[in-house]
Amino acid sequence: LARLRHCKFTNLADLNQEIIRLLKIANNKKLQRYNYTRNELFNTLEKDALGKLPQDAYVYREYQKATVGNDYHVKLHGHYYSVPNNLVKNEIDIWYTTNMIECYYQGKCIAKHVRSYREMDKTTVIEHMPISHQSYAKEDVETLKTKAQEVGMATKLIVDHIFMSTREAIACRRVCGFLKLVNSYGAIALEKMCE
């Protein structure tokens, strides 16, 4: 570093190139007290003792504890991830990287998700849902719109508005609950209410 103290560099690449050049000189220069170079010492003592580098690069993971909410999701940096619904109100461990999150309960991995950076959004696995919620998740938008149209045009307009104003997963749940009113009050009453 002493040799670099008066040098000026305008970019990191040039600095690194000069450091590499100076390292070669330093490593091949005979040491003052000994009659060998750093390279000779390395090749004699250390080179054969080195193991192979790992195949995969090290992945840095971070850790956080979280309590499972009533909606069987845990929050990590503004995004919600599902875990099995039987763990509601339990504390779990979350290990996460830049692209993956893993949820553990009592040392056992209970859920893995691709990490999302969309705040106030949810990543949900259907198998984590209670059975009553799974039926909502299996409904698709077109089927629900068809069911609404069978009730009447006013009902379909309301359902279309719900789908336009809300994220699809939440909208499907809302529309399913809304269309269940047919079972309680009948199609004619629901259509009149929508009008």
Worksheet entry | Accessible area (Å², 1.4 Å probe, nearest 10) - Cys172 | 10
Practice prompt. Compute the acute angle (0 to 90°) between the alpha-carbon long axis of helix 12-27 and the principal axis of greatest extent of the alpha-carbon atoms of the chain; round to the nearest 10°.
Written response: 40
Practice prompt. May I ask which residue of Gly78, Val59, Ala2 lies farthest towards the positive end of the charge dipole of region 1-78, with charges of +1 (Lys, Arg) and -1 (Asp, Glu) on Cβ and the Cα centre as origin?
Written response: Ala2
Worksheet item: In degrees from 0 to 90, rounded to the nearest 10, what is the angle of the helix 141-151 Cα long axis to the longest principal axis of the chain?
Response: 10
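State the Kirkwood hydrodynamic radius of region 96-195 in Å, one decimal place, computed from all pairs of distinct Cα atoms.
15.6
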Practice prompt. Using 0.36 nm per residue of separation minus the Cα-Cα distance, give me the extension gain between Thr146 and Asp56 in nm, one decimal.
Written response: 27.4 nm
Discussion item. Quick check: the distance between the Cα centres of region 1-52 and region 143-195, to the nearest angstrom?
Written reply: 73
Discussion item. Over the chain, with the other protein chains present, what is the accessible area per residue in square angstrom, probe 1.4 angstrom?
Written reply: 73
Item to complete: Can you give me the three principal axis dimensions of region 1-105 from its C-alpha atoms, in Å, biggest first?
Response: 71, 39, 23
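Test of the criteria: in region 74-181, which trypsin sites (Lys or Arg not before Pro) are in a DSSP loop and have at most 16 other Cβ atoms within 10 angstrom of their Cβ?
Within region 74-181, the qualifying trypsin sites (Lys or Arg not before Pro) (loop, at most 16 other Cβ atoms within 10 Å) are Lys89, Arg115, Arg118, Arg167, Lys180.
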Fill in: Along each principal axis, Cα extent of the chain, largest first, Å
100, 43, 24
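What value, in deg cm²/dmol to 500, does the helix sum -39500 (n - 2.57) over DSSP H runs of n ≥ 4 give at 222 nm once divided by the residues of the chain? Walk me through the intermediate numbers first.
Working: 8 runs with 77 residues, N = 195.
Mean residue ellipticity at 222 nm (helix-derived): -11500 deg cm²/dmol.
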Worksheet item: List the chymotrypsin sites (Phe, Trp or Tyr not before Pro) in region 70-136 that DSSP assigns to loop (not H, G, I, E or B) and whose Cβ has at most 10 other Cβ atoms within 10 Å. Which are they?
Response: Tyr117
Fill in: For Ile131, solvent-accessible area (1.4 Å; no DNA, RNA or ligand), Å²
140
Item to complete: Set the Förster radius R0 to 22 Å, insert the Cβ-Cβ distance between Asp121 and His161 as r into 1/(1 + (r/R0)^6), and round the FRET efficiency to 0.05.
Response: 0.55
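The values are calculated or read from the model by the stated rules, or taken from the named source; none is laboratory data. Every value quoted in this text rests on a predicted model; they were computed, and no experiment measured them. For neighbour counting, all protein chains shown are included, and Cβ atoms are generated from backbone atoms with ideal geometry for every residue, glycine included. Surface areas here come from the heavy atoms of the whole protein model, side chains and all, with no ligands, DNA or RNA. Shrake-Rupley method; radii C 1.70, N 1.55, O 1.52, S 1.80 Å.
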